[in-house]
Structure formats: structure tokens, C-alpha cells
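Below: one structure, written as C-alpha cells.
The values are calculated or read from the model by the stated rules, or taken from the named source; none is laboratory data. Everything quoted here is computed from the prediction, not taken from an experiment. A quick note on method: Cβ atoms are made from the backbone with ideal geometry, for glycine too, and the neighbour counts reach across all protein chains shown. Remember, those area values only see protein heavy atoms, side chains included, never the ligands or the DNA or RNA. Shrake-Rupley method; radii C 1.70, N 1.55, O 1.52, S 1.80 Å.
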Amino acid sequence: MSSVDKLDTLLFNASRACCSPLAIFIQIQGYLICLVLALGWAFASYVRSREIRRIKESMKRGNSFSFLCHDINELEHSNQVNLPQVTVVMPLKGFGEHNLHNWRTQITSLYGGPLEFLFIVDSTADPAYHAVSRLLAEFKDEIDARIVVAGLSTTCSQKIHNQLVGVEKMHKDSKYVLFLDDDVRLHPGSIGALTAEMEKNPEIFIQTGYPLDLPSGSLGSYCIYEYHMPCSMGFATGGKTFFLWGGCMMMHADDFRNDRHGVVSELRDGGYSDDMTLAAIAGAHKRLITSPPVAVFPHPLASDLSFGRYWNYLRKQTFVLESYTTKINWIMNRALFSSHCYLSWGFVMPYFMAGIHIVAAARFYYKGYSLEDTGVTSTGMTLATCLAACTIIELFSMWNLTRIEVQLCNILSPEAPKLSLASYNWCLVFIAMLVDNFLYPISAFRSHFSQSINWSGIRYHLRDGKISKIERCKEPKYSDLGGKHLFGKRGTQHTVSLLYSLSRSLAQWRQPKKFDV
């Protein structure tokens with residue numbers, strides 16, 4: 001038998017195997033995953049679009065500031081003077097191309113009440129320290145902001161350590177504390193909207209939001225966008241949710257002052273992930289987590305975000321499932337681990353089988369066989385066509401949600417350059433869907449068996465769900481996700497590099513890219 005005949009036989013047998021009852025079940029399961037995602041994004045689109053309609057209707061009734069508040073009477077001085085004090089705590093690590101603009105959107109909030117900003121760094125050697133110092137010098141006495149040097153963590157992750165130091169340093173009259181990541185771009189009314197919800201419902205334990213990723217063009221950035229999109233439907237409920245994003249969390253300040261439910265001790269004593277730990281506490285004590293519909297924030301990804309940094313980011317995301325606080329929390333994390341791995345490969349396998357069907361059909365057509373002569377290939381093409389239809393529906397639903405969130409962000413930040421979908425490459429989005437879902441189980445299993453992770457130059461080791469050992473690398477150059485400079489070269493070269501980074505970021509702020517608002 002010639003090699004060509006062997007190839008034909010192999011393709012025929014492979015196509016026939018992909019038409020077995022078990023294979024058909026797997027492919028149908030893939031169709032269902034696509035359709036469920038499409039339905040979830042459709043619901044999220046409805047919630048976000050409903051908020052857009054509410055804002056536009058308010059504008060028609062004469063409220064030109066509806067992007068700030070529902071009722072224009074809330075902007076009266078008599079109401080503004082009674083607003084509670086809020087402390088914004090921002091743990092920093094490194095300095096990247098978008099950080100300067102992100103920080104500007106945070107400190108120039110239009111919240112009318114007392115507002116305090118605490119930028120927390122682990123040491124003055126971090127470029128973020130010098131960058132923030134220059135930024136705050138521009139505003140001087142216009143805002144209440146300062147930098148706090150927290151030192152190195154010894155019992156928890158550096159981010160959690162910085163957050164807890166910030167809580168210790170916050171003003172004694174602060175009623176709420178808002179934790180923000182340095183890659184969060186706030187809208188002018190974001191802090192006011194979060195505070196208003198907390199005031200309306202004192203039962204809220206945590207308020208959160210979610211980022212709208214703006215891919216930079218690399219495959220790695222699209223993989224991150226694709227990874228976040230399924231989670232976005234859990235944050236677009238317009239109210240109660242079980243999800244929590246550590247990039248934006250508003251809580252009662254007294255919960256930390258009194259260590260209510262052990263929020264301080266659970267984070268401090270071996271805590272690795274701030275949002276996973278707090279979500280577990282909320283679940284254990286049946287406390288309320290909410291996400292208002294306006295809490296969606298533009299998140300431009302680094303222009304030089306490589307595939308390697310995406311992989312390390314994915315490793316960090318899967319590693320959080322290895323940390324836990326209670327036995328119930330461990331069981332839930334194992335369930336998430338198993339279901340996510342199953343669904344990820346369950347999503348990818350139908351595309352692998354469809355590829356076999358298409359190659360076999362093309363081969364037999366090239367050889368002069370009709371599909372009637374190869375019934376198996378005909379069945380395979382029918383299955384591949386169904387998968388293509390489900391994929392188109394899924395991508396359309398993802399596109400529609402992204403379109404609506406872009407529109408909402410433009411309305412909530414009317415002073416900023418408009419976001420656009422023009423920069424999105426939907427072919428790369430589809431490729432990223434396959435790559436990300438294929439790699440997720442691999443990353444999850446590696447995290448499970450290694451029980452250690454390198455996070456921005458710090459290696460954390462877990463034991464029984466808690467950090468048991470911390471190792472620091474010698475002057476790591478970049479962080480994993482954003483490609484931020486963590487440490488410059490010693491001596492004068494460090495100053496030159498820092499000034500160049502500042503001037504480059506400032507130029508980008510003055511003349512932003514089409515996706516950089």
C-alpha cells in the first residue's frame with residue numbers, strides 16, 4: 001500500500017471515529033458550550049444596554065450630568081457636603097506605559113465628598129514611587145494623596161501586604177475603603193456611583209467591577225481578552241453576584257478596623273489572592289457582593305505584551321484555585337478546577353474533530369470521490385457545519401457585548417477620546433479562544449502539582465492553601481502581564497530610563513491611541 005493510500009485510509013478511519021456516538025456526543029457538547037456562552041453574553045449585553053438607555057433618557061429630561069448620578073439634585077451642595085469619606089488604596093508594582101494615565105483618572109475623580117488616595121509601594125526602589133511622586137507634585141494641595149512605603153511582605157502576598165498597610169494608614173473618619181489596581185481606569189463618576197450603592201444598601205459587604213480589555217494586537221493580549229470575557233457575564237448582573245475582581249473592591253472601613261469575619265487575619269496569615277479570600281469569607285458568612293452596571297472599566301493591555309507574559313498570567317489565574325481558607329472553600333475550588341478544565345477541553349475537542357472532517361472531505365474531493373461514496377465524511381461535514389454556525393453565534397454575542405461595553409464606557413467618560421471596536425481583530429479572537437482553552441487545563445494541572453508561582457519576581461509557595469514560603473528574585477526586570485519595569489539599572493542609567501518612561505507615558509496620555517483613553 002502506497003503512502004498516499006495509507007493517508008486516505010487514515011483520514012477515512014479518523015473521520016469515521018469522529019462520527020462515533022461518543023464523538024458526536026462530545027461535539028454536541030461543544031455546540032452547547034458555545035450557545036450557553038452566547039446566551040450569557042446576551043444577558044450581560046441586556047444589563048449594560050439597559051444602563052445606557054437609562055443614562056440617555058436622563059439626558060433627554062435635562063440631566064446633562066447623568067453619567068455622574070441618576071438624579072441631578074444629588075449634585076446640590078447640601079447633598080454633596082453630607083457624602084461619606086472614602087479612602088482609595090492602590091498597591092503599586094512597577095511602572096508601565098499606561099500607568100500614568102490610569103492614576104490620573106483615579107485622582108481626578110468627580111466624587112464630591114472627602115477623598116483620600118494612598119499609593120502603596122514596597123520600597124522607594126520601585127519606579128512606581130518616583131513616577132507617582134512626580135504626578136502628585138503636579139497637583140500639590142489640590143488633592144489629598146500620599147505615598148506609603150509598606151516594606152516587604154513576610155506572611156502573605158506583596159499585594160495583600162500593601163493593601164493592609166494602606167488600611168492601617170487610612171483616615172480615621174473614612175467610612176469606605178476602595179481597593180484599586182494600578183491598571184484600572186476610572187470614569188469621573190465611578191467612586192460616586194460605588195459609594196451611592198453602599199449608602200443605599202448597608203448590607204453590601206463588597207462592591208466590585210470588571211475590566212473591558214483593549215487588546216494591543218498581539219496574540220497574548222487577545223488570549224487575555226478571551227479569558228476575561230466568559231467571566232464578564234458574572235459581573236454584568238446589575239446587582240448581586242458571587243464573583244469578585246480584586247482590581248476594584250469597595251468595602252466598609254470598619255470591617256477592617258474591627259477585623260470583622262476575619263478579613264484582616266485571613267488575608268494577613270498566608271493569604272495569596274485578595275479577591276478569592278474575600279469572596280470565600282463572603283460566602284462563608286452569607287454576605288452580599290454586588291456589581292453595579294456602571295462598574296466596567298477600560299483596560300488597555302501593554303503594546304509589547306508577549307505570549308510568554310500571557311502564559312505567566314494564566315499560570316497566576318489558575319494558581320489562585322490552589323489557595324483556600326476553609327474546607328468548603330477547598331471543595332469549591334476543586335469543583336471550579338475540574339469543571340473549568342472539562343469545559344475548556346470540551347470546547348476545543350469539537351474543533352479538532354471538525355478539522356479532521358474538513359481535511360478528509362477536501363482530500364476525498366481532490367481524489368475525485370463524491371460525498372455520497374463516503375457517507376462518514378458527509379456526516380462529518382454536517383457536524384462541522386453545525387459547529388461553524390454555533391461559533392458564529394458565539395462570536396457575534398461576544399462582539400455585541402464588547403460593542404455595548406465600549407459604548408457605555410464612552411458615555412461614562414465623555415471627556416475622554418472615544419473607544420472603538422475598529423482595533424479588534426476577530427480572527428485573532430477566534431484563535432485566542434482555541435489557544436486559551438487548550439492551555440488552561442495544562443496551566444491548571446501544572447499549578448496543582450507545583451504549588452508555587454512566580455508573581456512579578458516573587459516566588460510564592462503554598463501549603464494547605466496558605467503561603468508558606470516567599471522567595472525574591474534578584475531585581476526582576478518586568479512584571480508578567482503589563483510588561484511594567486520593576487527595577488531599572490543602578491546609577492544614572494536608572495534616572496535616564498525613568499525619565500524616558502515618564503516622558504513616553506506622558507506623551508501617550510496627551511496623544512492617546514485610539515484605544516487608549
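Using the alpha carbons of the range 383-478, what is the convex hull volume per residue in cubic angstrom, as a whole number? Don't skip to the answer; put the middle values down first.
Numbers: hull volume 19.3 nm³, N = 96.
Once divided by residue count, the hull of the range 383-478 is 201 Å³.
By the Cβ rule of 4.7 Å, the chain holds the following cysteines without a possible disulfide partner: Cys18, Cys19, Cys69, Cys156, Cys223, Cys231, Cys248, Cys341, Cys386, Cys409, Cys427, Cys473. Stokes-Einstein, applied to the Kirkwood radius of the range 200-243 over Cα pairs at a viscosity of 0.890 mPa s and 25 °C, places its translational diffusion at 202 µm² s⁻¹. The modelled label-to-label distance for the pair His171/Asp304, using points 7 Å beyond Cα in the direction of Cβ, is 4.0 nm. How many percent of Cα pairs in the chain exceed 46 Å? Across the chain, Cα pairs with separations above 46 Å total 17 percent.
Suppose the chain between Arg134 and Ala389 were pulled fully straight at 0.36 nm per residue; how much longer would it get relative to their current alpha carbon spacing? Kindly include the intermediate steps, with their values, before the conclusion.
Details: separation 255, 0.36 × 255 = 91.80 nm, distance 5.33 nm.
Extending this stretch completely gives an extra 86.5 nm.
Once the Cα atoms are used to define both axes, helix 375-412 deviates from the longest principal axis of the chain by about 20 degrees. In the chain, the longest principal axis of the Cα atoms and the axis of helix 3-17 are about 60 degrees apart.
Simple spin-label estimate for Arg463 and Leu434 gives 4.4 nm between the two label positions (7 Å along the Cα-to-Cβ direction from each Cα). Compactness of the range 267-402, taken as the C-alpha radius of gyration over 2.2 N^0.38 Å, stands at 1.57.
Tally up the carbon and sulfur contribution to the accessible surface of the range 1-133 as a whole percent, 1.4 Å probe, everything protein left in place. The value for the range 1-133 is 64 percent carbon and sulfur by accessible area. Taking a straight Cα-Cα cut-off under 20 Å and skipping sequence neighbours fewer than 8 places away in the same chain, the aspartates and glutamates within cross-link reach of Lys327 are Glu266, Asp269, Asp274, Asp275, Asp464. Listed peptides 459-470, 120-131, 135-146 appear in the order 120-131, 459-470, 135-146 once ranked by packing, highest mean of other Cβ atoms within 10 Å at the front.
With contacts defined as alpha carbon pairs under 8 Å and 6 or more residues apart, what's the relative contact order of the chain in percent?
Values: 878 pairs, mean separation 116.5, N = 517.
Rounded, it is 23 percent for the chain.
Surface composition of the range 240-371: carbon plus sulfur atoms contribute 65% of the solvent-accessible area (1.4 Å probe, protein chains only, all chains present).
Among the listed pairs Lys175/Lys469; Lys93/Lys469; Lys175/Lys240; Lys93/Lys286, which are separated by more than 27 Å between their Cα atoms? Pairs exceeding the cut-off: Lys175/Lys469; Lys93/Lys286. Solvent-accessible area assigned to carbon and sulfur over the range 144-196 amounts to 53 percent, based on a 1.4 Å probe. Between Glu74 and Cys473, the FRET efficiency from the beta-carbon distance, with R0 = 35 Å, is close to 0.10. Report Rg/Rh for the range 1-158, rounded to two decimals, where Rg is the Cα radius of gyration and Rh the Kirkwood radius. On the Cα set of the range 1-158, Rg over Rh gives 1.28. Descending by average beta-carbon neighbour count within 10 Å, the peptides 445-453, 188-196 line up as 188-196, 445-453, the highest first. For a paramagnetic label modelled on Leu336 (point 7 Å from Cα along Cα→Cβ), amide N atoms under 13 Å away belong, within the range 273-302, to 273-284.
Within the range 109-130, what residues put their amide N at less than 12 Å from the label point 7 Å along the Cα-to-Cβ vector of Asp141? None, by backbone N distance to the label point. With contributions of -39500 (n - 2.57) from each DSSP H run of at least four residues, the per-residue ellipticity at 222 nm computed over the chain stands at -18000 deg cm²/dmol.
Take the Cα of Glu199, go 7 Å toward its beta carbon, and the backbone nitrogen atoms of the range 84-102 under 18 Å from that spot belong to 84-88. Excluding ligands, DNA and RNA, the accessible surface per residue across the chain is 44 Å² with a 1.4 Å probe.
Using the beta-carbon distance between Ala42 and Gln407 and R0 = 25 Å, what value does 1/(1 + (r/R0)^6) give for FRET efficiency, to the nearest 0.05?
0.95
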